[in-house]
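Everything on this sheet refers to the single structure shown next.
No lab work stands behind these numbers, since they all come straight from the coordinates. Please read these numbers as outputs of a predicted model, since none were measured by experiment. As a convention, Cβ positions derive from the backbone with ideal geometry for all residues, glycine included, and neighbour counts pool all protein chains shown.
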Amino acid sequence: MPHPRPPRLQKHVTRHGNVVWYVRSEHHGPRVRLRAAYGSPEFEAEYLLLAAIGGKSMDGSRCKAQNGSLAWLWDQYRQTGAWTNKLKPSTRRLHENVMRPVLAAAGKEPFTSINRKSVVAGRERRSATPAQARKFLDAMRGLFRWALESGHVKVDPTAGVKNPQKPKNNGFPIWTEEDVEAYHRRWPLGTRQRVWLDVPTVALTAATTQYCEAFAKLEAGEAAGDAGVRGAGRTTRWLRELFGSAGRRSRAARPRRAASRLRAAAGGNLQ
C-alpha cells in the first residue's frame, strides 16, 4: 500500500509535465512551493519547517518554532512593520525564498549563535552565484538589523560583511550580421521570436532617422545666421522632447557628435 501523504502537502503537475510540491498552511490559505527533491531529507526538513510555521507538524499535531531559534526570530520579524511596511511584496517574497533553505538547515539553531563568521560562510557557499550571495546578505541584514534595534541581539553579525564582487566580463557579445541572418533563418516572419528582434530594430532605426533629420534642421538654422537662431532653438527643444532626460542635459554640440557617430556606424547610409 502507498504511504499516506503528509497533511497539507499537495502535488501539482505543470503544463510542461514537471511535478512540483506545495504546502498549504490553512485550508484556503496560500500555497508555498517546496524546492528540495521529493523524498530527500532536505525535502522533509523543508516540509517540517513550512508546516511548523503554518501551525501543523508532520503528523498533524500543533507545533511552534522553538523560542530563541533562528526560525522563531524570522517568524517574529515577519510580524513587524519593518517587514510589512518597509518592504515591497516582491522583496518579501524574494527574502522568503532566500531564507527557506537557510531555515530548513539551521532554523532550530539559537539565533544568538549566528555570528559574522557564519554570515561570511553563507556568502562563500553561494560565491559561485554572486547574485544569490547578495540576496542572501540582503535578507540576513534586514533580519538582524531589526533584531538589533528590537534588542534581541547586541551585535549585528552582518555589519561590515561586504557584498561579493560582480564578475568582471564584457557582458553579452554583440551580434554580427551573420548572427542576425542566422536568427532570421531560424525564426521566419510571423513568429513571436522574430517580432522580438524586428520591433526594437525598427523602433531604433526610426529614432535614429528622426535624430539625424532634426540635426540637419538644426544645422540649417545655424547656417542661416542670426535669422536661423530661433529655428535652431525650436529644433533643440524638439530634440529634448524626443529623447527625454538625455536631451534635457545635452547642448547643441552633443546632438552633432551623436549624429556623426550614428552616420559613421551606419557607413553613411541610414535608410
Practice problem: Determine the shape class of region 65-168: with a ≥ b ≥ c the square roots of the Cα gyration tensor eigenvalues, call it rounded for a/c under 1.5, and otherwise prolate if a/b is greater than b/c, oblate otherwise. | Solution: prolate
Quiz prompt | Sparsely packed trypsin sites (Lys or Arg not before Pro) within region 84-133, loop by DSSP, other Cβ within 10 Å at most 14 | solution = LYS86
Practice problem: Filter the cross-link list LYS88/LYS135; LYS86/LYS117; LYS135/LYS166; LYS117/LYS154; LYS88/LYS117 down to pairs whose alpha-carbon distance in this structure exceeds 18 Å. | Solution: LYS86/LYS117; LYS88/LYS117
